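Here's the structure, in structure tokens; my notes come after.
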Amino acid sequence: MLTFIFSPNKTLAETPLDVYMNDFYSKSNEASKILKEIETNLKDGSRKNVCSRQREAARLGLLANKSLIKAFEVGGTEPPLEAIKFSQKRWESIFNEC
């Protein structure tokens, strides 16, 4: 039995821009989800795997930034460097906090 899974966020014929933007959104959403889970766990008194999960979220956030820069490059527009630098510093700080 074959099972096909269709994602509503992806097109059938993706352009390079689509690929980088999908990667950016996917990674940044996953990173945010991990951080929210950590916050909930900490509020509940659990510190289980906080550092490793925090680093994983930061790693995903940093990779998302790279994909966003690539998307702007492929799209032929100038990326918002100040916002990206701010985001980069934030993710690096989260990565190094543990």
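Has the stretch 14-32 got any residue that is on the phi < 0 side of the Ramachandran plot and outside any helix (DSSP H, G or I)?
Step one: filter the stretch 14-32 for residues on the phi < 0 side of the Ramachandran plot, giving 14-32.
In the following step, the residues that additionally are outside any helix (DSSP H, G or I) were identified as 14-15.
Yes, that holds for at least one residue.
Looking at the stretch 65-94 only, could you name the residues that are surrounded by 17 or more Cβ atoms within 10 Å (Cβ to Cβ) and closer than 27 Å to R47 by Cβ?
S87, W91, I94
Would you check if there is a residue in the stretch 34-54 being touching an Asp or Glu at 6+ places or on another chain (Cβ under 8 Å), surrounded by 17 or more Cβ atoms within 10 Å (Cβ to Cβ) and either assigned to a helix (DSSP H, G or I) or among the small types (G, A, S) (or both)?
yes
Every number in this text was worked out from the coordinates using simple rules, so none of it is lab data. Bear in mind that the values here come from a model prediction, so they are computed numbers and not experimental data. Glycine also receives a Cβ, built like all others from the backbone with ideal geometry; neighbour counts cover every protein chain displayed.
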